[in-house]
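To start, the structure under review is shown below, and the notes come after it.
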Ligand SMILES: [Zn+2]
C-alpha cells in the first residue's frame, strides 16, 4: 500500500516514509561530501565554492518543504565535521572551530550552513512566507499578488533577522571558549568586512583562484590558527618562525613585496578606470643639498578626488596581531598608522597643491575607513566606465584587493628569505658536459 509519494521536490505521506526518503537523500549528499573532501585535499578553494554555491542549496530546498527532519541531517553534519573540514584545513578541526566555520561569512564562518540548525528555520520561514498563497489554494479565496509579495518580503526579513541572531549567539558562545588572542582575531574578522573574496566564483582567468597553500593560509589567519607546514626557524634571520614573525620579518624582501603587489594592483585598477595621468612612486619633496629628506609616495593620480588636482596615496599593510599591537583595538592601530603617514606626507603634498590619502589595511584585508572611501570612489569610476552596476563592481574590486593582499601574505609565510645562488655556469659552458661520450 502506498503511504507516501514524492511531490514537487519534497515528500508527502506518513512520517516514517518522509524520514526514509530524507534519509536516502542525505546518504547521497553524504557521498557527495566525501567526494568533495577528496577534491578539497588538492583544491580547497574550489571545493568550498562548490559546497557553498551549489551542493548545500540542494538540501536547503528539501529543508524548506519537509518538516521535522533534523535527525537524518545529523549524519550530514557529521560528514562535514569529520571529513570535509579536516580536508579543507589539512589538519584536525575541533568542535568549536567546526561550529564557527558552519556560519555565514559575516559571522566569521566559511559560508557553510549547519544542516541541522537550519532545518526548522528553513521550514518555518517557507511556511510563513507562503501563508497567503496556501490559504488561497486551500479555501479557494481570490489571490492578491501584491499582499503575497509584501507578506513574503516581511517574512523573509524576519527569518533573516532570526537566523542572524541565532548565528551571532553561536559565534559568541564558541569564541568565548577560545584563548584571548584568538578571540581578538576572530572578533576583528567578524567586524571587519573582509570576506568578499570567499563569495566570488574563482576561475583560472579571473584571477580569483587561490592555490591550496594560499587558501589554507588565508583561512588559518581568519581563525587565528597557525598555518600548516610552518618551518621551525626563519631562513632569513634564524629566529623561531611563527605567524607573526612570518608577517613582520623584513629579511629577504617579502614584506616589501607584499606592499608592492598591492601598490601595483591599485595602479592597474586606476588605469582601468580611464584615468590616464598616473605616476608610480612620485617624488613629493626633493632631497636637500646633503641628499637627505626626499619624500616619495606609492602612487599619484590626477583628477581622482578633484578635477585636475593631483591625488597622492601611500599604502601600508599591517599585522594587527603583532606583539606590539596586542593591547590596542583595530581602530586605534589604524588611527596611529594614519596619523603617522599624514604627519610625514600631508604638508609636503599640500605644498605641491596635491591631496594625500593613506591606504591602510590589515593582513586579513580589513580596510581602514579612508581606504574604504577610496574604494567607493574607484568603484564609481569603474562602474561608469564599464556601464555596470556599482554594487557588482564594488564587490569585484574588494575581492580583487583582498585576494591580492592574502596572496602576498601567504608569500611571507611560504617563500624563501634567502637568495638563490646560481651554479656559476655562463653561456655555453655546460654544453661540453652533454657532449661527453661518457653520457651516451
Ligand atoms: Zn626572520
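Every read-out reported here was derived from the displayed coordinates using simple, explicitly stated rules and does not represent laboratory data. Since the model is a prediction, treat every value here as computed from it, not as a measurement. With ideal geometry, Cβ positions are generated from the backbone for all residues, glycine too; neighbour counts draw on all protein chains shown.
Per residue, the average separation of C-alpha pairs within less than 8 Å and at least 6 apart gives region 243-414 a relative contact order of 24 percent. Axis of helix 118-129 versus longest Cα principal axis of the chain: the two differ by about 70°, to the nearest ten degrees. Averaging 1/r over every pair of different alpha carbons in region 1-100 and inverting the result gives a Kirkwood radius of 14.5 Å. Relative to the dominant Cα principal axis of the chain, helix 180-191 is inclined by about 80°. For region 162-284, the alpha-carbon radius of gyration amounts to 1.37 times the rule-of-thumb value 2.2 N^0.38 Å expected for a compact globular protein. Between 187, 206, 68, the Gaussian network model of the chain with springs among Cα atoms under 10 angstrom shows the greatest mean-square fluctuation at 206.
Each listed q (0.14 Å⁻¹) maps to a log10 I(q)/I(0) for region 243-414, found by the Debye formula over equal Cα scatterers with no solvent: -0.79. Computed extension gain for residue 61 through residue 168, at 0.36 nm per residue and net of the alpha carbon distance, reaches 36.2 nm. Any idea what the relative contact order of region 4-177 is, in percent, if you count C-alpha pairs under 8 Å spaced at least 6 apart? 21 percent. Helices in the chain, meaning DSSP H runs of at least 4 residues, each add -39500 (n - 2.57). Divided by all residues, the mean residue ellipticity at 222 nm is -17500 deg cm²/dmol. The simple Förster model, with R0 at 56 Å and r as the Cβ-Cβ distance, assigns residue 128 and residue 82 a FRET efficiency of 0.95. Sorting 204, 177 by the number of Cβ atoms found within 10 Å of their own Cβ, with the fewest placed first, yields 204, 177.
Using the empirical formula 2.2 N^0.38 Å as the baseline, the Cα radius of gyration of region 4-177 reaches a ratio of 1.14.
Normalised by residue count, region 342-409 yields a Cα convex hull volume of 106 Å³ per residue.
Relative to the longest principal axis of the Cα atoms of the chain, the long axis of helix 330-351 lies at roughly 40 degrees.
Hull volume per residue, based on the alpha-carbon atoms of the chain and their convex hull, is 241 Å³.
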